[in-house]
Amino acid sequence: MPQYPKNNLAQLVIATSSAHAIEHVVISPGSRNAPLTIGFYNHSAIKSYSIVDERCAAFFALGLAQQLQKPVALVCTSGSALLNYYPAVAEAFYSDIPLVVISADRPSHLIDVGDGQTIRQENVYENHILFSANLTANDNLEQQNISLLKKAFKNCIQKKGPVHINVPFDEPLYEFTDELNEIKKVTYDMSEVPIDVDKLQMYVDIWNASTKKMVLIGANYPDELLQIQLNKLIKDESVIIFTETTSNVYNAKFINSIDKTIFPLTDAQFSELKPEILVTIGGMIVSKKIKQLLRKHQPTHHWHIDAKKAYNTYFCLGKHFDISPQLFFSQFFFLTKEKKSNYQQLWLNLKEKRTEKYHNYLKNCAYSDLKVFETVLASIPQNSQLQLSNSSTIRYSQLFDINDTLSVYCNRGTSGIDGSTSTAIGASQINKNQTVFITGDISFFYDSNALWNKYIKNDFRIILINNNGGGIFKFIPGPKKSNALAYFETPHDLTAKQLCEMFGFEYTAASNNSEVEEVLQDFYQKSEKPKLVEIFTPSDTNDIILKAYFEALKE
C-alpha cells in the first residue's frame, strides 16, 4: 500500500503540483524533505527520479523540461542543497525553461539560532527567479499557502521559467497516512492576442519599402509551422536568413554557419551588406562576430519577435513584438509584398564562395579539433537529438552545416560549462530518438558526477574531445599574451577511461583521423551499455590550424 505524508503542508504541495500537471519530479536525498520525497515517490501520476548531486539533479531536470516544454519539479533538503541548484536555475531563467524548485526548510524559529543544516533559504534565487513562494508551517495559514502555490505555478507555466517554493517542516518528518489529498486540475489560458492591424501597418510599410532585410535566428525549439513560415519568407529576394546551430530551422538558402561566411568581411564590406531591417527570433546568439558587426554597423530598424522578452543585443532595438513568431508571421504575410532586390543573392554568392574555400581547406587539414568536428558531425545518425556543451564545442559546431534531420540543443542561457552532461542525460529521457552528446574535456570532467545516474539509457552516446585544457583560451588573444596561460587553459592529463569503468560506460579512444573514422563506424549501433569515445587532439596546434582556416577563407 502506498505511503503518503501525514504533514498537511507536504500534502498541500504535492496535491497542488499534481493539479498543475507536474509529471516528473527529480529528488535529491535528505531527511528534511522526507515528507515530500515519500509523497511524490508514491504518487501514481508522477514519475520520480533520485539523483544525489543537487547540481546534476537540477540540470537533469532542466533537460527533462527542455524537451517536454512543461514544468518539471526539483525537491531537495534544507541547507546548502538548494544553492547547488542555482546554476541550473539561472540557465532556466535565461533560456525560458519551466522549473519548479521545491526546497525543504527548517521552521522560521530555527533559522539563525545555530541549528544544523540551516541557511537563509527564503528568496535565495531573488535575481534569477520568476516567483518565490515562501510557505508557512502553520495550518491556520493554509489559504495563504494555497494562494502562493498557485501564483508560483501560474508564473512557471505562463511565463516559462523557474519558480521557487520554500517549504518549512517541523518534526516529526516520518508520520504516514494512506490517503493523499487532491485538488481539482488547474489549466491556464495560453492563447495569444493578435497584433492590432492598424498598429502593425506602420511596420509593414517599412518592410515593404526596404530592399535589405536580415532575419537572425538564435536558439529555438523545433517547430514545424515556423519552418514553413521561414521557407515562405526566404522566397523574398530582399530577405536573407541567418541561423545558428541551435535554431533548428533549415533551408539551402539560409546562411547556417554564420562565422564561416562573415568572419573574413572587412568593415567596408559589411557596411555595404548591413541590413536596413534586422528581425531577430529565438534565444541567445553564439556568434560573437555577428554581434560585433551589427553593433558597429547598426541597421536602421531592429525588431525582435518573442512573446516574453527582447534583449537590446545590438544597442538599436526599436520594436518588441511581444507575441510568438508563428502568430506574428501569420498576420504579417497577409500584408507584405515581395521586393525586387539583389540583397539575398549577394549573401548567397558570398556563402558559395566561402563554402568552396572551406572545402579546399578541410580537404588537406591536419588532424585537429577542426578536422575532428568535421568527421564527428558528419557521422551522427539521421533524426538524432544532438546535445552540445559550451565553449569550444558549440563554437566549432557553428562552422559546419548541420544535418537537417537533427534537433540541436545547448545551454546558452548563461553559456556555462557546468551542467551540459547532466542536461543531455535528462533530455535523453524524453526524446525518443537517440541522444548524442558532444563535449570538451573541461566541461566533461567538471560535470563528471552527471554519470552518477541510474537513468542513463543504453543508446546514450558521449563524444568527448580531449585537447588537454580549455583550448579556446589559446585562440582568443588575451590569455596567450599573459604569463598566466596555465590558469586560463587548465592543462591536465586526465582521461575518462576510469570514469567509464566506474559508471558502466563502454569506452574507446582515438588519436588520429583514421582511428576516429574507425571507432565511429559502429559507435551509434545498439549496445548493452551507453558508450563514450574519447578523441585526443593536439593542444599545441589546434589554435594554429583554426586561425589558418579563417585566413584561408579570406584568400
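Taking the conditions exactly as written (closer than 30 Å to Gln387 by Cα, in contact with a strand residue (DSSP E or B) (Cβ under 9 Å, 6 or more places away or on another chain) and part of a helix (DSSP H, G or I)), does Ala58 satisfy them or not? Against the criterion (closer than 30 Å to Gln387 by Cα, in contact with a strand residue (DSSP E or B) (Cβ under 9 Å, 6 or more places away or on another chain) and part of a helix (DSSP H, G or I)), Ala58 qualifies.
Does Ile146 qualify as being within 30 Å of Gly116 (Cα to Cα), of a type outside the set (Asp, Glu) and out of contact with any His (no Cβ under 8 Å at 6 or more places or on another chain)? Yes. Checked against (1) farther than 28 Å from Glu551 by Cβ; (2) out of contact with any Cys (no Cβ under 8 Å at 6 or more places or on another chain); (3) of a type outside the set (S, T, N, Q), Leu273 passes all but a single condition, namely (1). Looking across Leu348, Leu399, one residue alone is crowded, with 17+ Cβ neighbours inside 10 Å, aliphatic (A, V, I, L, M) and out of contact with any helix residue (DSSP H, G or I) (no Cβ under 9 Å at 6 or more places or on another chain). It is Leu348. Every test in (1) assigned to a loop (DSSP other than H, G, I, E, B); (2) polar (S, T, N, Q); (3) closer than 23 Å to Gly116 by Cα is passed by Ser44 save one, and that test is (3).
Scanning the range 321-340 for residues that are touching a Ser or Thr at 6+ places or on another chain (Cβ under 9 Å) and surrounded by 17 or more Cβ atoms within 10 Å (Cβ to Cβ) turns up just one, Lys339.
The residues of the range 1-41 that are within 20 Å of Phe60 (Cβ to Cβ) and assigned to a helix (DSSP H, G or I), listed by number, are Ser17, Leu36, Thr37, Phe40, Tyr41. The test for being within 25 Å of Ala65 (Cα to Cα), in contact (Cβ under 8 Å) with a residue 40 or more places away in the chain and part of a loop (DSSP other than H, G, I, E, B) holds for Gln121. Within the range 152-176, the set of residues being touching a strand residue (DSSP E or B) at 6+ places or on another chain (Cβ under 6 Å) and either modelled with pLDDT of 95 or more or closer than 29 Å to Asp306 by Cα (or both) comprises Ala152, Asn155, Cys156, Pro162, Val163, His164, Ile165, Asn166, Val167, Pro168. Looking across the range 522-537 at every residue that is surrounded by fewer than 16 Cβ atoms within 10 Å (Cβ to Cβ) and either β-branched (Val, Ile, Thr) or in contact (Cβ under 8 Å) with a residue 40 or more places away in the chain (or both), the one that is nearest to Ser384 (Cα to Cα) is identified as Lys526. The listed residues are Val215, Val204, and the only one of them that is part of a strand (DSSP E or B), in the same structural domain as Phe315 (by TED's automatic domain parsing) and surrounded by 15 or more Cβ atoms within 10 Å (Cβ to Cβ) turns out to be Val215. When the range 157-179 is filtered for residues that are surrounded by fewer than 23 Cβ atoms within 10 Å (Cβ to Cβ), in contact with an Asp or Glu (Cβ under 6 Å, 6 or more places away or on another chain) and closer than 16 Å to Ser78 by Cβ, only Asn166 remains.
Condition check ((1) at pLDDT 95 or above; (2) under 14 Å from the mean Cα position of the chain (by Cα); (3) closer than 16 Å to Ser443 by Cβ; (4) surrounded by fewer than 20 Cβ atoms within 10 Å (Cβ to Cβ)) across all residues:
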| position | (1), (2), (3), (4) |
| --- | --- |
| Tyr361 | yes, no, no, yes |
| Asn364 | no, no, no, yes |
| Leu370 | yes, no, no, no |
| Ile380 | yes, no, no, no |
| Ser415 | no, yes, yes, yes |
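Residues checked against (1) in contact with a Leu (Cβ under 8 Å, 6 or more places away or on another chain); (2) among the aliphatic types (A, V, I, L, M); (3) buried (at least 18 other Cβ atoms within 10 Å of the Cβ); (4) assigned by TED's automatic domain parsing to the domain that holds Gln158:
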{"position": "Phe40", "(1), (2), (3), (4)": "no, no, yes, yes"}
{"position": "Lys47", "(1), (2), (3), (4)": "no, no, no, yes"}
{"position": "Cys56", "(1), (2), (3), (4)": "no, no, yes, yes"}
{"position": "Gly79", "(1), (2), (3), (4)": "no, no, yes, yes"}
{"position": "Ala92", "(1), (2), (3), (4)": "yes, yes, yes, yes"}
{"position": "Ile97", "(1), (2), (3), (4)": "yes, yes, yes, yes"}
{"position": "Ser108", "(1), (2), (3), (4)": "no, no, no, yes"}
{"position": "Leu130", "(1), (2), (3), (4)": "no, yes, yes, yes"}
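Taking the stated definitions as given, is Phe550 at pLDDT below 95 and in a helix (DSSP H, G or I)? Yes: the conditions hold for Phe550.
The values are calculated or read from the model by the stated rules, or taken from the named source; none is laboratory data. Just so it is clear, the structure is predicted and the values come from calculations on it, not from any experiment. Glycine also receives a Cβ, built like all others from the backbone with ideal geometry; neighbour counts cover every protein chain displayed.
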